[in-house]
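Data first, discussion second: the structure below is written as structure tokens.
The values are calculated or read from the model by the stated rules, or taken from the named source; none is laboratory data. Because the structure is a prediction, the values reported are computed rather than measured. Every residue, glycine among them, receives a Cβ derived from its backbone with ideal geometry; neighbour counts consider all protein chains shown. Only protein heavy atoms, including side chains, enter the accessible area calculation; ligands, DNA and RNA are left aside. Shrake-Rupley method; radii C 1.70, N 1.55, O 1.52, S 1.80 Å.
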Amino acid sequence: MASRSKEKEKMQVEEVLAAVVVADSFNKRFMPLTGSKPRCLLPLANVPLIEYTLEFLATANVEEVFVVCCAHSDQIISYIKSSRWANSTLPKVVTVVSQQLNSTGDALRDLDAKQLLKSDFILVSGDVVSNMDLGKALGEHRARRLVDKNAIMTMVVKTASPTHRTRSKGEEGIYVLDAATHECVQYRSLFPKKQKLKLDLEFFNSHSELQVRNDLIDCQIDICSVDVPALFTENFDYQEIRKHFVRGILESDILGKQIHCHIISDTYAARVRSTQMYDSISKDVMARWTYPMVPDTNIQGSALSTYKYFNPYIYKENNVILSFTTKLVRHVVVGAETEIGEKSVVSNSIIGRNCKIGKNVRINGSYIWDNVEIGDNCVIERSILANDVKVKAGVTIEKGSILSFGVKVGPNFKVQEFSRLILENTSTRRSSFDSNSDIDDQVSAPAYSPLDVGAEGAGYVWQDDDSDAEDTEEDARPILEVCAMARDITLHDMDDGIDEETDDEDDMSNVDPLEKSRGELISTIERAFEENHTIDNVALELNTVKFAENLEFHDIRFTAVLTILNLVSNAATLTTTMTRWGQLLQRFVTDEEEQLDLLEILEAHCAEVETHAKLYGKILQCFYEMDICDEEVILQWSKQTTTSIHASAKAFITWLEEAEEESESDSD
Amino acid sequence: MNFELNGTGASPIVHSKEFQAVILAGSGSKLFPLVDKTCPKALLPIANKPMLFYQLEWLESAHVTDILIVCQDDAHENIHSYIHNVLNAPERYPNSKVEVVKVKGSGSVSADALRHVANRIKTDFIVLSCDTITNYPPNQLLDVFRAQSPTMAALFHEPLKADGDASSSKKDKDDDLIEYIGIDHSTCRLLFCVDGDEVDDELPVRMSILDKFPAVNIHTKLRDAHLYVFKHWVIDFIAKSKIQSIKDELIPLLTHFQYSEEVLKREGIDKFLTSSANFDQFYASRQLSSTGGGFVNASRSVSLENHYNKQSREANLTRGGNSVGNNALSSSSSSRHHHHPSVGESGGSADSSVILLDSGDAGEEEVTDFHREIVCTAIVARGEGGYCFRVNSVPNYLEGCRALVKTLSAEEQVARSVERQKGCQVGDSVIGDSTRIGEKTGIKKSVIGKHCVIGKNVKIVNSVLMDHCVIEDKVVLEGTVVCGHSKVLEMSNLKDCQVASSVTVKKEVQGKNETFMG
């Protein structure tokens, strides 16, 4: 017995520790940069991102690394071949090329099909930066697996404050964990924002103490059992690991699988998920949070880089040429052979190799890659300038801009904030699904517009063509875009959001219930406008709301008049609007009394809204023509009312009167 | 300046008047038929001592000397006479002032009772229900209050476990509902407390909580012990408000203040906060260091301090790019703060560290300051040898009695004057003075009052007999309470029954889950 269990142990020890590096981001947040280079080869502190990931895995004693590549697979393969990993045996780095991958889910299904994974493995993407001790997480994971085979996955998360810069904006999630075991019982994205998190009371039957955490950074380092790829194969609709897989597993009653979290607090782990994260992580690297992965340890080997550390947080390679009056303020990395001219000030920035930076230049919070030339008197604020970018003298680049490979701007030009410039307007396929065909048509592109890049510039404004088509990150999209690199804006926005939220929930009690239910009606109608519902459907919906909120037909008429007329600004829009939506009013007026009520509402409304006051006569006419109101009723109303508004409709009324007389005389 | 403050702050005279206590002696309707007019809830014996005795002893050990017992009209006389004649409070607690105050009318509303005595409360105060029995070291609780200076501190406990008895634990679930108690992971702040019957399928957690307190532990195994310590201004707030219940309204409101400034403003709490500074010399001295004039804690516990440092460090991280200049400075200052002795025995040095921090992180105040004004702290009574329970139902009463019996030594358990006949066995039980136990009678895990007469071949398990009971031969009692002056005649077999006082249970009665009334 004893020897057998020992054997078993031995077997387990002999299991090869493998890691899967997904070297494709499957999104376009770094476009247009990722148009010509995969994200994992983009430089972070002048070192390709994948170096950080591989180094991290190597220190964790991973024996075999599978790099799954899809878009730009040729570049990744040739990079790895030329790097120090090519001849490395521990870990052995194997590239797996698969075309037609659209998601991490696809990548895992592909691996499952190829049967490459034999034991528990570490799943990371090719842009993870971490100095955490994976051994501990692995140990916990294995211990759990021994007890319960259903503990299939361990997610690594890091504690941080809710507004920490290394939390990817728009992608924060709330984890509900068992306080003792850290089993994850619920995972929910913070977006779309909700006022309340709802916890199923059933959770408490099996967990006496739960922990709700809004302070965790998802490091995107997962320890998976071999079941995970198989589960992906079984559930072919799972795409993303968090949004689909984790949620699917946690919500499934049938599978009975468990996912745990490993919480780290004193070590570093983060993934470059967006430009905002790129910014944060670069700063973390410079501030040495990621030690030993900091520039001066030269992780690529001393042959390839020669960084030295100077106070305060300044890193310089050999042969950097600085003028006596150049100022490197703090948190600055400068690559070899770079020259910076007189009176230039660089702060919180990373500058690549062979760059030429002129005199009196201000660079703050920016990432300038290799071979970039910047002319005199430029100001560059929180932007990314890719390789071979040329910035002529006197250019200002505002925050959040990305200048892709080889773009030229200037001279004396201002690049607007959040611009994205690209040199070639051809379809550079990044991955199959987001190449867009209509770019192909423009191969013989027109000349560069000086409005985009300045008089001597070269480049186009990059446009995200299929922003609607992409559903995967729709919720978070606006946030992601705004926060590209301007952190201050987002933080501010977020704070506002929180305030509003509390306002809302406290206001709720003060709001007049009638107003609230009418609001319900208004939103129903407005939604109908947006989504172009049929009159039948809207009428049905309004009736439902009426019953639900215990309202009267008067309220429907009131809100309908209000919302429909909101679409009207002049006589022309009146006709179009009324032909489309006038029927709706008709649905809710049947007898005389109701018609009178409608007219009363209309008049009161027009008395308040000036533009509609002028149109009052026309509106009445529409009502008459569309049989919403009978002529008798209109005439009766005109006798009842004496307001000045009504007087403006005199022409129509007299016409009506005459018509009536005529018809009467006709019939005679 | 700091030296002067130290002089006044450390004087022991201030200490003695630090807290007042209010014991709320409610009606105890759930304990029917154990309580009646002659025996109000506060005087219900537990291990042969009235409940009130335990609270008075607990407060005495905390050196709380100013005690108000608020009770209903009809219970006043009994409680008063117990305090003065039986317990002889003036002699037993010579330094203390124990006073029994009656509230007219229903008086069951806990906040009303507090309002009634509001003008007599001059300091920070402890409120406890008379059915809370604990040996949680009072100074541990009060020290947290002294150190962190929260608005409110509430004691929580784990419910008593029935001794491996599945049926009784099931009963528990019906009797006291689950409470969902949200406590901040790092600071132990009480964030919400929701009764099980207030929620249906889902427990809603406000996002505004999670924004300010990103790691919340939600406990289901804890119960509110109904023992609170409040800042003095809270009584002013109660006096002016229409709050009915402490548990159902005041506590939720106070916890809500922590994360919703809107509500804070709506209730006009600022007034109370500033006015409290005038009353409270003891804390006023600590506040001088704060820059804003609000209710800022100069000295905090270790856990709070950690939180503070974490916040400021992260604030630095967040602002990394813009305020690099601050980075080195503030990290050094916060680490100094860290090494500092945590509980502010010496106000002066604690002050200086705060000033240092403030000057270092002048810009950070917004980040760290936002939820300092109102702090609700949860204290969880756990651990070996300690007990904390509420006697709010009959099963809890039985379990509470058993729990107390365990804490007593063998000599304390059985009074010397007990007369035992041959072959009787007594285990894990308390037996009062002058009780007689017949031959071959077995008593286990039970409490027997004074002057009881127990016949031969009787079996008593998990039961409570109050004073002057008569149990005739061959009776079997299990999980049963027999109130004072009652008789159970021979051959009866009672399981999970309650016998009211001065009742006679006839011969050979087979009772299960029954109540015997006069």
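Using per-residue counts of other Cβ atoms within 10 Å, averaged over each peptide, order A:294-307, B:34-47 from highest down. Can you show the working numbers first?
Details: A:294-307: 16.4, B:34-47: 21.0.
By packing density, highest mean first, the sequence is B:34-47, A:294-307.
Take peptide B:194-204, look around each residue's Cβ out to 10 angstrom, count Cβ atoms belonging to other protein chains, and average those counts. Each step should come with its number before you reach the end.
Values: counts 0, 0, 2, 0, 0, 3, 1, 5, 8, 10, 6.
Neighbouring Cβ atoms belonging to other protein chains average 3 per residue here.
What average count of beta carbons from other chains do you get within 10 Å of the Cβ of residues in A:193-201?
Counting other chains' Cβ atoms within 10 Å and averaging over A:193-201 gives 6.
Highest first, please rank the peptides A:74-82, A:329-337 by the mean number of other Cβ atoms sitting within 10 Å of their residues.
Numbers: A:74-82: 16.0, A:329-337: 22.2.
Peptide ranking by packing, descending: A:329-337, A:74-82.
May I ask what percent, to the nearest 5, of DSSP beta bridges between residues of segment A:278-397 are antiparallel? All intermediate terms of the calculation are to be shown ahead of the outcome.
Numbers: 3 of 31 bridges.
Among the beta bridges of segment A:278-397, antiparallel pairing accounts for roughly 10 percent.
Enter the mean number of other protein chain beta carbons within 10 Å of the beta carbon of each residue in A:209-219, as an integer. Don't jump to the answer; show the numbers that get you there.
Details: counts 8, 8, 7, 13, 6, 10, 9, 2, 0, 0, 0.
Average neighbour count from other chains, rounded to a whole number: 6.
Provide the per-residue ³J(HN,Hα) series for segment A:258-264, in order, calculated from phi with Karplus coefficients 6.51, -1.76, 1.60 and θ = phi - 60°, each as a whole number of Hz, with x at glycine and proline positions.
10, 10, 10, 10, 10, 9, 10
Going through the cross-link list A:Lys114/A:Lys257; A:Lys28/A:Lys194; B:Lys487/B:Lys507; B:Lys17/B:Lys97, which pairs have a Cα-Cα distance over 18 Å in this structure?
Beyond 18 Å between Cα atoms: A:Lys114/A:Lys257; A:Lys28/A:Lys194.
Got a number for carbon plus sulfur as a percent of chain A's accessible area, 1.4 Å probe?
Details: 14390 of 29320 Å².
Result for chain A: 49 percent of the exposed heavy-atom area is carbon or sulfur.
Roughly speaking, what is the centre-to-centre gap between segment A:230-295 and segment A:540-618 when only Cα atoms are used, to the nearest Å?
So the two Cα centres are separated by 52 Å.
Against the 2.2 N^0.38 Å scaling, with N counting residues, where does segment A:34-80 land? I'd like the Cα-based Rg ratio to two decimal places.
On the way: Rg = 11.1 Å, N = 47, 2.2 N^0.38 = 9.5 Å.
Rg over 2.2 N^0.38 Å, computed on Cα atoms: 1.17.
Got a sec? Charge dipole of chain A, +1 on Cβ for Lys and Arg, -1 for Asp and Glu; which of A:Ala393, A:Tyr448, A:Val65 is way out at the positive end?
Comparing the listed Cα positions along the dipole, A:Val65 ranks first.
Can you spot the lysines whose alpha carbon is less than 16 Å from A:Lys308's alpha carbon? Ignore those fewer than 8 places along the same chain.
The qualifying lysines are A:Lys316.
Restricting things to alpha carbons, tell me how big segment A:515-667 is in terms of Rg and Dmax, in Å.
Radius of gyration, then largest Cα-Cα span, for segment A:515-667: 15.6, 51 Å.
A:Lys414: which lysines have alpha carbons under 19 Å from its alpha carbon, excluding same-chain residues fewer than 8 sequence positions away?
Excluding near neighbours in sequence, the set is A:Lys359, A:Lys390, A:Lys392, A:Lys399.
State the dimensionless ratio Rg/Rh of segment A:1-152 (Rg: radius of gyration of Cα atoms; Rh: Kirkwood radius). Present the calculation step by step, with values, prior to reporting the outcome.
Values: Rg = 16.8 Å, Rh = 16.6 Å.
Ratio of gyration radius to Kirkwood radius: 1.01.
In whole Å, what are the extents of chain A along the principal axes defined by its C-alpha atoms, from largest to smallest?
Sorted from largest, the Cα extents of chain A read 111, 75, 46 Å.
How large is the dipole of segment A:515-667 about the Cα centre if only Lys and Arg carry +1 and Asp and Glu carry -1, each at its Cβ, rounded to the nearest 20 debye? List each step's numbers first, then the result.
Details: 11 positive and 31 negative charges, 167 e Å.
Dipole about the Cα centre, nearest 20: 800 debye.
Is segment A:141-187 rounded, prolate or oblate when judged by the Cα gyration tensor, a ≥ b ≥ c being the square roots of its eigenvalues, rounded requiring a/c under 1.5 and prolate requiring a/b larger than b/c? Numbers along the way, then the final one.
On the way: a/c = 2.71, a/b = 2.47, b/c = 1.09.
Cα axes put segment A:141-187 in the prolate bin.
Give, rounded to the nearest 20 debye, the magnitude of the charge dipole that chain A has about its Cα centre when Lys and Arg contribute +1 at Cβ and Asp and Glu contribute -1 at Cβ. Please list the in-between numbers first.
On the way: 68 positive and 111 negative charges, 1293 e Å.
It works out to roughly 6200 debye.
Beyond a 30 Å Cα-Cα separation, which of these cross-linked pairs lie in this structure: A:Lys37/A:Lys196; A:Lys546/B:Lys247; A:Lys92/A:Lys158; A:Lys136/A:Lys193; B:Lys104/B:Lys506; B:Lys104/B:Lys445?
Values: A:Lys37/A:Lys196 41 Å; A:Lys546/B:Lys247 39 Å; A:Lys92/A:Lys158 28 Å; A:Lys136/A:Lys193 34 Å; B:Lys104/B:Lys506 40 Å; B:Lys104/B:Lys445 40 Å.
Beyond 30 Å: A:Lys37/A:Lys196; A:Lys546/B:Lys247; A:Lys136/A:Lys193; B:Lys104/B:Lys506; B:Lys104/B:Lys445.
How long are the three semi-axes of the equivalent ellipsoid of segment A:229-281, in whole Å, if each is the root of 5 times an eigenvalue of the C-alpha gyration tensor, listed from largest down?
Details: eigenvalues 156, 50, 14 Å².
So the three semi-axes of segment A:229-281 are 28, 16, 8 Å.
Using the Cα gyration tensor of segment A:90-184, with a ≥ b ≥ c the square roots of its eigenvalues, what is the shape: rounded (a/c below 1.5), prolate (a/b larger than b/c) or oblate (neither)? Before the final figure, lay out each step's value.
On the way: a/c = 1.75, a/b = 1.23, b/c = 1.42.
In terms of gyration-tensor shape, oblate.
Work out how far the C-alpha atoms of segment B:411-516 reach from end to end along every principal axis, then list the three figures in whole Å, largest first.
34, 23, 19
Determine, for each peptide in B:257-264, B:403-410, A:538-545, B:463-470, the mean count of other beta carbons within 10 angstrom over its residues, then list the peptides with the highest first. Write down the numbers at each step before the final one.
Numbers: B:257-264: 20.4, B:403-410: 13.4, A:538-545: 17.5, B:463-470: 24.1.
Sorting B:257-264, B:403-410, A:538-545, B:463-470 by mean packing, highest first, produces B:463-470, B:257-264, A:538-545, B:403-410.
Taking every Cα atom in segment A:17-275, find the radius of gyration and the maximum pairwise distance Dmax, and write them in Å.
Cα only, segment A:17-275: 17.8, 56 Å (Rg, Dmax).
Counting helices only, and only those DSSP H runs with n ≥ 4, report the 222 nm mean residue ellipticity of chain A as the sum of -39,500 (n - 2.57) divided by its residues, in deg cm²/dmol to the nearest 500. Mind dumping the intermediate values first?
Working: 23 runs with 252 residues, N = 668.
Only helices count here, giving -11500 deg cm²/dmol.
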